[in-house]
Ligand code: ADP
Ligand code: MG
């Protein structure tokens, strides 16, 4: 059985004349450890798709993650499912302003009435390059640092699935690439599955697979071929300009790991 299965998934907002069919008959499966990029024009249903998969909303059809059928859970079960199995990273960092870096990262674990294992917290802070910022408040951080805190929070409960909605949307190119490299290496290190919405063809090219949405439907679902050196071999990106940006991005991603540059272990 696949790690994640969507079958005949739909979502309609509103009723009658004002109804918006945000998703219609979406079907796909994702294997454990896969990195899937979700692309498509604004309003094509990308965020709605992530919300449904993450159990933040309900729709038609069925979504199963491992043994859980997400739509058939009660609200309380869904809340626990979200906290334990899913890590969300948004374009807006959604940090709590009165909590420190460390406290923001610990939120999902605290909400579960537990305390974060010290060793894991240290490891995360180290990987994210936030050890010396652990006591700072969000307002004392740069955009890239805030997004790293949000990634830490997403990873805090060891979720098996990471959902990221344009996580680099508010960052400049260099910080965006650094966040992507970090996210990819973290999910690899912790054997997590990553579904990421992006507008950036370079970032989409870093994925194993690209799903394109159009008007709430899957327009295409293609595997990205990477060579051993990390270059993209073949890809259905529209023009050669994009292809060259794509290979630039790949070189960046296959560059010396951010993990080892930041002094982390087992890059
Ligand atoms: P994307 O993330 O690809 O830009 P969304 O999933 O946010 O697209 O939106 C898909 C469609 O659903 C759009 O037409 C949007 O206006 C509509 N939509 C999204 N959220 C809501 C909502 N809460 N209420 C009504 N319509 C919504
Ligand atoms: Mg969106």
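What follows is calculated from the coordinates using simple rules that are stated; it is not laboratory data. Owing to the predicted nature of the structure, the values given are computational and were not obtained by experimental measurement.
Based only on Cα atoms, what mean projected area does the convex hull of region 157-206 have, in nm²? Provide the component values of the computation, followed by the final result.
Working: hull surface 13.5 nm².
So the Cα hull casts an average projection of 3.4 nm².
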Rg/Rh ratio calculated on Cα atoms of region 5-72 (Kirkwood radius): 0.97
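Suppose we look only past 15 Å in the calculated P(r) of region 119-191. What percent of the Cα-Cα pairs does that tail hold?
On the way: 1347 of 2628 pairs.
Percent of Cα pairs beyond 15 Å in region 119-191: 51.
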Cα-Cα pairs of region 1-131 separated by more than 22 Å (percent): 49 percent
In whole Å, what is the distance between the alpha-carbon centres of region 172-195 and region 62-94? 21 Å
Rounded to whole Å, sorted largest first: equivalent-ellipsoid semi-axes of region 68-200, Cα gyration tensor: 22, 18, 14
